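Asker: Dropping a structure here in structure tokens format, bear with me for questions.
Just so it is clear, none of the values below were taken in a lab; they were calculated from the coordinates. Just so we're clear, the structure is a prediction, and the values are computed from it rather than from any experiment.
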Amino acid sequence: MSEQALNRSLDDFLRRHQNEAYAIALVSVKQPADALDVVQEAMLSFIKSYRLKPSSDWRPLFFRVLQNKVNDHHRRQKSWLRHFFSGHDQTDVAAEQASEAPSPLSALNIQDQGNEVIAAIQDLPSQQQQVILYRHWQELSVQETADVMQISPGSVKTHLFRATQKIKSLLGKSHA
Amino acid sequence: MPKEPTHDPIKQALDAFRDQVDVATQVKLNEARHTALAQADRTPRRRWLLPAAGVATMAAVTFTWALLKHSPSEWPEQDPSIFADLELLAEEADTDFYQDLEFLTWLDDNDLMESDI
């Protein structure tokens, strides 16, 4: 494949997946500016490391890079918060942050039902959130999801079962 | 082929979440994509690596062949004492010996034994 043809394929691939990548990042990191940074870093790393891989492998590889960038973001946040608030009581700090942080969905005008589902997904533990995004929504195979999350296929199934149960339960309660 | 609409509330919510990206964010995502692709243009595929690897392999094979072509019998003979000297050099030096070296050299030059002194 010529350089031009490769670049056209990459452009087409990234254009088709950039909104999904942004949605995944936003569900995970919650702040739109952070989500944009994560997606840009993922695109750069993906092109640098995997552009010469067969295009049939690009999708799971791109999501794997994206998830790594999300994890890096969380690590940086934890480290920064630990450094910045090292003299404070951690419980108070968490409470302050929770009360001051803007709603993750404040920038998005989506339907109430969808809002509740997204909020429920955002409340899930990280790995349950990831299986919902990659296995359930993006319909990656169990093995591909396991590769993205760097866990075993058995754990993917377990997390998915727990996550769907939890979302159903949360939605059931809110409509009761 | 476009995806069929889903009745799964989780997928519906996530599809809606994805589709409601505002124009400003869309512009920034496009910019991010162009930046990433521009980087790909600056780092073209390293096609030169293949011929370079071939040349290196050929050079290694030629060198090995040249070494093997000359059998050990054709190699210049070495004085076996060189290895004995190496052993001596490798051993821990006796400092007293080196201190007396000048004296022993003088004895040798004058055909004398140490007991003659």
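Asker: By its C-alpha gyration tensor, with a ≥ b ≥ c as the square roots of the eigenvalues, how is the stretch A:1-51 shaped: rounded for a/c under 1.5, else prolate for a/b larger than b/c, else oblate? Each step should come with its number before you reach the end.
Answerer: Numbers: a/c = 3.64, a/b = 2.30, b/c = 1.58.
It is prolate, given that a/c is not under 1.5 and a/b is the larger ratio.
Asker: Taking Cα pairs under 8 Å and at least six residues apart, what relative contact order does the stretch A:110-176 come out at, in percent? Working shown, then result.
Answerer: Details: 44 pairs, mean separation 24.2, N = 67.
Relative contact order for the stretch A:110-176 comes out at 36 percent.
Asker: Okay, next question. Does the stretch A:110-176 classify as rounded, prolate or oblate by the C-alpha gyration tensor (a ≥ b ≥ c root eigenvalues; a/c under 1.5 gives rounded; else a/b over b/c gives prolate, otherwise oblate)? Let's see the in-between values first.
Answerer: Numbers: a/c = 2.74, a/b = 1.98, b/c = 1.38.
In terms of gyration-tensor shape, prolate.
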